[in-house]
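First up is the structure itself, then whatever we jot down about it.
The values are calculated or read from the model by the stated rules, or taken from the named source; none is laboratory data. What you see is a predicted model; the values in this text were computed from it and never measured. Cβ sites come from the backbone with ideal geometry, for glycine too, and all protein chains shown count toward neighbours.
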Amino acid sequence: MESLNSILAELRGNRSALFSFFSMMPKGGDLHHHYSGSIYAESYIAYVIEKNYYINTETLEVVKELPTPVAATLPEWQRFSKLENLEQVKLRMLRKWSDKDFTKGVESNDEHFFATFPSFSVASKENYVEGLIELKKRALNQRISYIETIFISLDLKTITVPNEAQYDQVMLYCQRLENKALLTSVLDELVERHEFDIQKVADKHNEMVKQLHTVSKMDDASFIMRYQNYAARFRQPTDMFIELLACFYSAAQSPLIVGVNIVAAENGEVAMRDYWLHMQFYAYLEAKYKGVQYAIHAGELTTGMVQPEKLGRHIRDAITIAKPTRIGHAVDIIYDNEFTSTIELLKEKDVVIEINLSSNEFILGVANDMHPVELYYKNGIPIVICTDDEGVLRSSITEQYVILAHRYKFTYDQIKELVINSIRRSFIKEDTIKDQLEDSVKKGFVDFEQKIINHYMALVFEAPANPQLTAAFTEKAVNGNGANRPKLKLTNFAL
Ligand SMILES: [Zn+2]
């Protein structure tokens, strides 16, 4: 809609105007979204206080039961109800369990970010119903109608693999020689020996997800929630493969679990060492479970995190070996010494890039002209705008669109295209649900555009000479020099 393009172009330099614009705009889906990192720390803190768990007032570790009998005699271990300075402790917890007030010092940004997850896991691994309800409430507030959340890891503690260390060694040997044939035979053997037990675990997991989904009343006319399974890339090869195998089997069986992902710090020692193996695992499982959709966190790296020769390879390896339909982050493509061919490959294979602007800025320090979002978009690679971990990052989907429009000059029509992508490129299994979501987002845009033209413009623009506000905001009026050209009431702070 051309007049909306003109209006957004005028608002671009003023973030308060952009926030007010994007708060109202329908935003479709959030496709790169971690459940536990999306709950705000306030909720976790309220939960452990309500349960009256124990806290170590020095380290801020929270536990259900005291770790040792000796701990009962130590003054630093207290039940929350016994704390005299609860408000102060809450504030310290908020800072430890999220990026609130974070300043780089002893800890780096990425260390602080990844350390929040084990800190709040005492709360995030319980109370899923309330967590899901919080996410839905926020989604509706933010005009999001679909979330695809990376949800609960499969509970594989009952699966034991005899000779696990030997399997690990053989797989590492395969990786050193890039011997796919030998690796395949090892994986075949693991599948044959453990598939039955893994399927039992996965069936239980699927039942639990279904129950949580139903009890928390996720789906209705205004909102749909779907889930991804995940494996943690810091695990040793055998554990990692077993976890991914369980993820794929589970996703193949459940209508609610629509995809598989791989998570945790990509610059971790094991994650870097075993990247080739992980891509081979995906390729193997894709062939075994045809039709299971998956995304990969790849290229969440930047200069200074790893040695230069280790940058710029993961995205290419992901597309050529694992062949995901979506890639999360993908910011290290700028270091790819085969940059042009990787871009061509992404385009050719129609791979969607999940863009996480606030996350990349906090964890990697990648923002502004260091972020490749425009390189992707302007070269015809589909992108979607996502939050990643809005709780830990203390961000929101609205903020992601504000940053996008403020920094990168996307037009309104282009932004609408990204919103539609966020439904079309979701892993939702039922086409009818996808179509309904797309229809309702499109209807939402019609209402939104009318609201902007009929009510909003008068709030941020000086009244034009022509009293017909709508007519005044045609492309000609906004771009021309005539008396009808509307003037923004607000100061332009464009970068
Ligand atoms: Zn992520």
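When GLY380 is tested against (1) away from the ligand (no atom under 16 Å from the Cβ); (2) touching a Phe, Trp or Tyr at 6+ places or on another chain (Cβ under 7 Å); (3) within 22 Å of ARG326 (Cα to Cα), only condition (2) is not met.
When we screen PHE117, PHE113 for residues that are surrounded by fewer than 20 Cβ atoms within 10 Å (Cβ to Cβ), closer than 26 Å to ILE353 by Cα and within 16 Å of the ligand (Cβ to nearest atom), the only hit is PHE117.
Among the residues of the stretch 234-257, just one is surrounded by fewer than 24 Cβ atoms within 10 Å (Cβ to Cβ) and within 16 Å of the ligand (Cβ to nearest atom), namely PHE234.
Going by the structure shown, is LEU31 within 16 Å of the ligand (Cβ to nearest atom), surrounded by 16 or more Cβ atoms within 10 Å (Cβ to Cβ), among the hydrophobic types (A, V, I, L, M, F, W, C) and closer than 24 Å to SER359 by Cβ? Yes; evaluated as a whole, the condition is true for this residue. The single residue among HIS314, HIS297 that is in contact (Cβ under 8 Å) with a residue 24 or more places away in the chain, in contact with a Gly (Cβ under 7 Å, 6 or more places away or on another chain), under 26 Å from VAL258 (Cβ atoms) and within 13 Å of the ligand (Cβ to nearest atom) turns out to be HIS297. Scan the stretch 148-168 and give yes if some residue there is farther than 28 Å from PHE427 by Cα, touching a Leu at 6+ places or on another chain (Cβ under 9 Å) and not in a loop (DSSP other than H, G, I, E, B), otherwise no. Yes, the stretch 148-168 contains at least one residue that is farther than 28 Å from PHE427 by Cα, touching a Leu at 6+ places or on another chain (Cβ under 9 Å) and not in a loop (DSSP other than H, G, I, E, B).
Can you find a residue in the stretch 333-352 that is within 15 Å of the ligand (Cβ to nearest atom) and touching an Asp or Glu at 6+ places or on another chain (Cβ under 8 Å)?
Going through the stretch 333-352, the residues within 15 Å of the ligand (Cβ to nearest atom) turn out to be 352.
With the extra rule that they be touching an Asp or Glu at 6+ places or on another chain (Cβ under 8 Å), the set shrinks to none.
No, the stretch 333-352 has no match at all.
For the stretch 354-367, the criterion of being surrounded by 15 or more Cβ atoms within 10 Å (Cβ to Cβ), more than 14 Å from the ligand (Cβ to nearest atom), of a type outside the set (A, V, I, L, M) and in contact (Cβ under 8 Å) with a residue 60 or more places away in the chain is met by at least one residue.
Against the condition in contact (Cβ under 8 Å) with a residue 60 or more places away in the chain, assigned to a helix (DSSP H, G or I) and touching a Cys at 6+ places or on another chain (Cβ under 8 Å), how does LEU187 come out, does it pass? Against the criterion (in contact (Cβ under 8 Å) with a residue 60 or more places away in the chain, assigned to a helix (DSSP H, G or I) and touching a Cys at 6+ places or on another chain (Cβ under 8 Å)), LEU187 does not qualify.
Please work out if TYR294 is in contact with a helix residue (DSSP H, G or I) (Cβ under 9 Å, 6 or more places away or on another chain), modelled with pLDDT of 95 or more and surrounded by fewer than 23 Cβ atoms within 10 Å (Cβ to Cβ).
Spelling it out, it is not the case that TYR294 is in contact with a helix residue (DSSP H, G or I) (Cβ under 9 Å, 6 or more places away or on another chain), modelled with pLDDT of 95 or more and surrounded by fewer than 23 Cβ atoms within 10 Å (Cβ to Cβ).
Which ones in the stretch 48-75 are assigned to a loop (DSSP other than H, G, I, E, B) and of a type outside the set (A, V, I, L, M)? Hits for the stretch 48-75 are LYS51, ASN52, TYR53, THR57, GLU58, THR59, GLU61, LYS64, GLU65, PRO67, THR68, PRO75. Candidates PHE102, PHE21, PHE80: the one that is buried (at least 17 other Cβ atoms within 10 Å of the Cβ), under 28 Å from the mean Cα position of the chain (by Cα) and of a type in the set (Phe, Trp, Tyr) is PHE21. For the stretch 182-193, the set of residues classified as touching a helix residue (DSSP H, G or I) at 6+ places or on another chain (Cβ under 9 Å) and either surrounded by 13 or more Cβ atoms within 10 Å (Cβ to Cβ) or more than 14 Å from ILE242 (Cα to Cα) (or both) consists of LEU182, LEU183, THR184, VAL186, LEU187, LEU190, VAL191, listed by residue number. Screening the stretch 341-412 for helices (runs of 4 or more DSSP H) wholly inside it with 1 or more residues that are of a type in the set (Ser, Thr, Tyr) returns the ranges 373-378, 397-408.
Run down THR184, THR214 and say which single residue is under 29 Å from the mean Cα position of the chain (by Cα) and polar (S, T, N, Q).
Testing whether each residue is under 29 Å from the mean Cα position of the chain (by Cα) and polar (S, T, N, Q) leaves just THR214.
Looking only at residues of the stretch 1-28 that are of a type in the set (Ser, Thr, Tyr) and within 28 Å of GLY391 (Cβ to Cβ), we find that the one that is nearest to the ligand (Cβ to nearest atom) is SER23. Suppose the filter is over 26 Å from ILE150 (Cβ atoms), modelled with pLDDT of 95 or more and aliphatic (A, V, I, L, M); does VAL89 pass it? Spelling it out, VAL89 is indeed over 26 Å from ILE150 (Cβ atoms), modelled with pLDDT of 95 or more and aliphatic (A, V, I, L, M). Against the definition (of a type in the set (Val, Ile, Thr), without any contact (Cβ under 8 Å) to a residue 24 or more places away in the chain, in the same structural domain as GLU195 (by TED's automatic domain parsing) and out of contact with any Lys or Arg (no Cβ under 6 Å at 6 or more places or on another chain)), how does THR149 come out, yes or no? Taking the combined requirement at face value, the residue does not satisfy it. Only one entry of LYS96, LYS90 meets the criterion of being in contact (Cβ under 8 Å) with a residue 40 or more places away in the chain and surrounded by 16 or more Cβ atoms within 10 Å (Cβ to Cβ), and that entry is LYS90. Taking the stretch 220-259 as the range and being in contact with a Lys or Arg (Cβ under 7 Å, 6 or more places away or on another chain), within 22 Å of SER440 (Cα to Cα) and outside any strand (DSSP E or B) as the test, the residues that pass are PRO255, LEU256.
Evaluated against (1) closer than 21 Å to PHE114 by Cα; (2) in a helix (DSSP H, G or I), ILE296 falls short on exactly one condition, (2).
Return the pair list, or none, for Cβ contacts closer than 9 Å from residues in the stretch 374-386 that are in the same structural domain as LYS416 (by TED's automatic domain parsing) to residues that are assigned to a loop (DSSP other than H, G, I, E, B) and modelled with pLDDT under 95, at least 6 apart or on different chains. Sorted first by the residue in the stretch 374-386, then by its partner, the pairs are GLU374/LYS409.
On inspection, ILE433 fails the criterion of being buried (at least 20 other Cβ atoms within 10 Å of the Cβ), modelled with pLDDT of 95 or more and within 30 Å of ALA252 (Cα to Cα).
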